[in-house]
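Read the structure below first, then the notes.
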Amino acid sequence: MKIKLHVTALCFIYLTNAVELKAQEVETTEVEQFEQRTQMLESAIKTLQKFKVSGYIQTQYQVAQENAELSTNMKVGGPNENIDTSYSRFGIRRGRIKFTYEEGIASGVFQLDITESGVGVKDAYLNIKDPWFQTSNLRSGIFERTFGYEISYSSSRRESPERSTIFQTLFPNERDLGTAIYLQPAKTSPLNFLHLDIGIFAGNGIKSEMDNRLDFIGRLYATNNIGSHAKYGIGASYYNGGMMQLSKSVYTMDGDAFVLDKDSAGNFRKYAKREYFGIDGQFNIIAKAGMTKIHAEYLFGQQPGLKASSKSPNTGVLGTVIREMNPDLVINDTYIRNFSGGYIMFTQDLGKLPFTAVLKYDWYDPNTKVKGSETGKEVGQDQYKTGFADLTQNTLGFGALWRVNNNFRLTAYYEINNYEKSDLLYAFNPKTNGEKTYVVDNLKRNVFTLRLQYKF
């Protein structure tokens with residue numbers, strides 16, 4: 001009987017221990033599974049933290065005088081269907097979405113521009129920070145050129161609707177395909193306020209590379225605080241590149257007229273020099289009246305272009321192929337001009353109110369060798385007269401910004417656009433079979449822009 005009791009007790013103890021061990025095993029497994037799930041979630045969160053999405057949308061309505069060119073100057077809508085009257089256009093000026101993935105010292109950036117006209121690439125580059133001081137970096141791909149201040153000043157922050165005429169002409173699309181190094185001393189260095197940006201670029205905007213020559217761009221600038229309420233910036237930029245001459249005829253200025261380079265045979269597929277110099281300055285101060293900003297830039301140099309335009313090349317491979325098929329086309333002849341231009345912009349916050357007043361003046365003289373009434377005049381033998389592409393353009397703009405909240409901003413801006421006066425140049429009205437109808441200085445080109453921006 002005692003033996004049976006002992007056996008029964010031992011069995012009970014064994015079973016009890018087995019149940020307890022099984023319970024502990026199950027409990028331990030569930031805890032481990034929970035910990036594994038937690039670790040997976042933490043890993044996923046860390047991965048998501050490396051990936052960022054941002055962007056902004058700018059929808060705008062514009063009213064323009066009859067001779068304004070909204071489709072080219074302001075990038076929205078098509079040309080005026082009735083040149084006798086003013087007209088209006090509605091569109092998406094910019095629809096940007098930016099994807100950034102950053103891990104360690106490296107990051108990759110893609111930015112698209114989505115509008116009613118289609119989808120285009122704005123940025124696609126790899127960025128690598130220096131692993132020691134985290135103040136310098138290497139960038140390669142499609143990104144903003146390292147020249148001047150206004151190019152890199154984001155369109156979501158800029159107070160005027162568009163960049164200045166000279167930048168739109170010399171640097172179409174603002175971006176280029178290349179590699180750049182951004183150098184800055186360590187934060188502990190007394191020279192930390194200095195920056196040096198240098199890069200080599202394809203020189204063809206964001207289009208495909210079309211030759212085996214690269215352009216150099218560099219900028220040295222300084223930024224620093226003045227006390228606790230003011231800040232300054234000053235910089236100098238340099239551009240050295242070339243444009244392939246895809247015809248035999250190259251023209252340079254001699255006095256107030258173009259002359260043909262006699263070395264016709266040696267011009268084809270050679271490079272015309274593009275050389276720009278720029279200086280820029282910024283000053284910001286916070287007072288009781290609100291923040292005051294003054295930004296200014298001045299550029300000068302040599303620009304190769306066409307007879308009808310001094311705009312930098314942005315044609316891509318297709319344009320090169322078309323030109324090479326017929327190098328004798330007049331439209332492909334190269335015209336080399338000395339230029340100058342710039343802008344000055346003043347902005348003033350209205351105290352603690354969410355409003356900012358804006359005043360901006362910019363100008364672009366595509367040919368400094370000829371002025372006003374000299375443009376378009378008859379010239380002597382073996383000389384070629386200047387035309388519309390040689391007239392100075394200037395724009396006076398003023399308006400106001402309403403910062404509705406951290407995401408919304410409303411802009412109202414009016415531009416007075418003028419060309420240099422010359423009674424020798426006429427515009428033609430296609431409705432009168434080419435009859436001269438008015439001189440160029442009487443053209444009406446003013447534009448009013450109302451823009452709503454949402455930033456996220």
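Numbers below:
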| item | result |
| --- | --- |
| Yes/no for Thr356 being surrounded by fewer than 17 Cβ atoms within 10 Å (Cβ to Cβ) and not in a helix (DSSP H, G or I) | no |
| Residue match in region 183-192 (condition: touching a residue at least 24 places away in the same chain (Cβ under 8 Å), farther than 18 Å from Tyr56 by Cβ, outside any loop (DSSP other than H, G, I, E, B) and open to solvent by less than 30 Å² (accessible area, probe 1.4 Å)) | no |
| Odd one out for Glu66, checked against (1) among the charged types (D, E, K, R); (2) in contact with a Gly (Cβ under 9 Å, 6 or more places away or on another chain); (3) assigned to a loop (DSSP other than H, G, I, E, B) | (2) |
| Residue that is surrounded by the fewest Cβ atoms within 10 Å (Cβ to Cβ), among those in region 33-57 that are part of a strand (DSSP E or B) and of a type in the set (Val, Ile, Thr) | Val53 |
| One residue from Ser88, Ser117 being among the hydroxyl-bearing types (Ser, Thr, Tyr), more than 18 Å from Arg157 (Cβ to Cβ) and out of contact with any Phe, Trp or Tyr (no Cβ under 8 Å at 6 or more places or on another chain) | Ser117 |
| Total residues in region 102-154, condition closer than 29 Å to Tyr361 by Cβ, in contact with a helix residue (DSSP H, G or I) (Cβ under 9 Å, 6 or more places away or on another chain) and open to solvent by 50 Å² or more (accessible area, probe 1.4 Å) | 0 |
| Verdict on Pro304 being within 26 Å of the chain's Cα centre (by Cα) and part of a loop (DSSP other than H, G, I, E, B) | no |
| Residue tally, condition in contact with a helix residue (DSSP H, G or I) (Cβ under 9 Å, 6 or more places away or on another chain) and either part of a strand (DSSP E or B) or surrounded by 15 or more Cβ atoms within 10 Å (Cβ to Cβ) (or both), over region 259-294 | 3 |
| Number of positions in region 58-101 that are β-branched (Val, Ile, Thr), more than 16 Å from Asn446 (Cβ to Cβ) and open to solvent by 50 Å² or more (accessible area, probe 1.4 Å) | 1 |
| Among residues of region 232-258, those that are among the aliphatic types (A, V, I, L, M), in contact with a Pro (Cβ under 8 Å, 6 or more places away or on another chain) and either open to solvent by 40 Å² or more (accessible area, probe 1.4 Å) or more than 18 Å from Leu170 (Cβ to Cβ) (or both), counted | 1 |
| Strands (runs of 3 or more DSSP E) within region 96-166 that include 3 or more residues free of Cβ contacts under 8 Å to residues at least 24 places away in the same chain and either over 29 Å from Gln62 (Cα atoms) or out of contact with any Lys or Arg (no Cβ under 8 Å at 6 or more places or on another chain) (or both) | 106-115, 118-129 |
| So Thr223, is it within 22 Å of the chain's Cα centre (by Cα), open to solvent by 10 Å² or more (accessible area, probe 1.4 Å) and under 26 Å from Asp113 (Cα atoms) | no |
| Lone unmet requirement of (1) buried (at least 17 other Cβ atoms within 10 Å of the Cβ); (2) closer than 28 Å to Arg269 by Cβ; (3) in contact (Cβ under 8 Å) with a residue 60 or more places away in the chain for Gly178 | (3) |
| Cross-chain or 6+ apart pairs with Cβ under 6 Å, region 196-223 first and over 14 Å from Ile142 (Cβ atoms) and in contact (Cβ under 8 Å) with a residue 24 or more places away in the chain, then acidic (Asp, Glu) and surrounded by 19 or more Cβ atoms within 10 Å (Cβ to Cβ) | Arg219/Asp197 |
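Results for (1) open to solvent by less than 60 Å² (accessible area, probe 1.4 Å); (2) at pLDDT 90 or above; (3) farther than 26 Å from Ile416 by Cα, shown as yes or no for each residue.
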residue: Leu299; (1), (2), (3): yes, yes, no
residue: Gly316; (1), (2), (3): yes, no, yes
residue: Ile331; (1), (2), (3): no, no, yes
residue: Tyr335; (1), (2), (3): yes, yes, yes
residue: Tyr364; (1), (2), (3): yes, yes, no
residue: Ser373; (1), (2), (3): no, no, no
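The values are calculated or read from the model by the stated rules, or taken from the named source; none is laboratory data. Quantities reported herein were computed from a predicted structural model and do not represent experimental measurements. Reconstructed Cβ throughout: ideal geometry from the backbone, glycine too, with neighbour counts over all protein chains shown. Please note that ligands, DNA and RNA were not included when accessible areas were found on the heavy atoms of the full protein model with its side chains. Shrake-Rupley method; radii C 1.70, N 1.55, O 1.52, S 1.80 Å.
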